[in-house]
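Structure record follows, encoded as structure tokens.
Please treat every number below as a calculation from the coordinates, not as lab data. Since the model is a prediction, treat every value here as computed from it, not as a measurement. Cβ: placed from backbone, ideal geometry, glycine included. Neighbour counts: every protein chain shown.
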Amino acid sequence: MVKFLLPALLMLPLTGLVAETAIDQSTLGSLQNSTVKTTTVEDQSKVWNINPDEWTRYQQIMQGQGKYLWKDLDPITVLGLNARSDSERYRYAEKLAIQEFENTQKIILLDRAYNDAFNKLYGKLPIVDTSKLNIGRAKASLLSVPESQVKVEFGDRYIVFASTKCSDCNKMIKEILSSLELGVSVDIHFKDDSRQAITQWAAKQGISPESVEVGTITLNPDSALYAQFGQPALPSLYYYNKSTDMVNEIR
């Protein structure tokens, strides 16, 4: 008798259990989705050091004209552009300033560590192996084309041929330094200039000893590159792309 009753008892509630399970899974799914959305908002807002309400306002802006005007901008900049008061605008500007400062410090520390590591690993070998450079001509000036069209990558370098007695050289170098991207370095090669003259020249140009020490700017007297580059006119500007090992003449 028991053998016949047990299967019957197991089968009777089966459909009810399936229905209840489906309802429970649906309800659970809704709860999980709600939890995920809440967590995402909180996580995203923490990344940018803003509160969830600010992140929600940013998303609302980006669903409107923001998706056309500010799709490449970060949330803090977008919120600052759409600030509802002067105090709110200043608060976002302050956040941007802190963010940029902290990022700059990280880049400087990484750049310093990179140069230290390179010197320990390879001694006095040059950072750029000039024997492998492929020198080609660029049709337009890198500094005059829209920034969106310039592929600047960490570790790339400007190569400048200059003289301490050249006013056009000073103008070009100031232009380069004022538009220098983080992680990109400048190698300045001099012709017929003494080390003392170069040191005095660098001080007048506002080149700090710290930037030379960490390798962001290098000063190279009596550079052998001048002959290898075909004795270019002064000033001349080239751009070295680290990933491709290519050099393009810019000016």
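Across region 189-202, computed HN-Hα scalar couplings (Karplus, 6.51 cos²θ - 1.76 cosθ + 1.60, θ = phi - 60°) run 10, 10, 10, 6, 10, 6, 4, 5, 5, 5, 4, 5, 4, 4 Hz from first to last residue, x flagging Gly and Pro.
By how many nm would the segment from E213 to R251 grow when fully extended, if each residue of separation counts as 0.36 nm and the alpha-carbon distance is taken off? So the chain would gain 11.0 nm between E213 and R251.
Over region 205-250, what number does the Rg to Rh ratio reach, with both radii from the alpha-carbon atoms and Rh per Kirkwood?
1.00
Once both labels are positioned 7 Å from their Cα atoms along Cα-to-Cβ, the gap between S179 and D116 label points is 3.4 nm.
With a Förster radius of 35 Å applied to the beta-carbon distance between T199 and Q99, the computed FRET efficiency rounds to 0.50.
Taking 0.36 nm per residue of separation and subtracting the Cα-Cα distance, full extension of the segment from D222 to N241 would add 4.5 nm.
Amide H contacts of V186: Y158, I217, T218, each under 5 Å away and 5 or more positions distant or on a separate chain (H built 1.01 Å from N in the peptide plane; Pro and chain starts excluded). Between the alpha-carbon centres of region 39-110 and region 173-247 there is a gap of 36 Å.
In the structure shown, the pairs K46/K242; K71/K171; K106/K165; K95/K171; K46/K71 are assessed against 30 Å; a Cα-Cα span above that value is assigned to K46/K242; K71/K171; K106/K165; K95/K171.
Stretching D74 away from E42 to a fully extended chain increases their span by 9.9 nm, per 0.36 nm per residue minus the current alpha-carbon distance.
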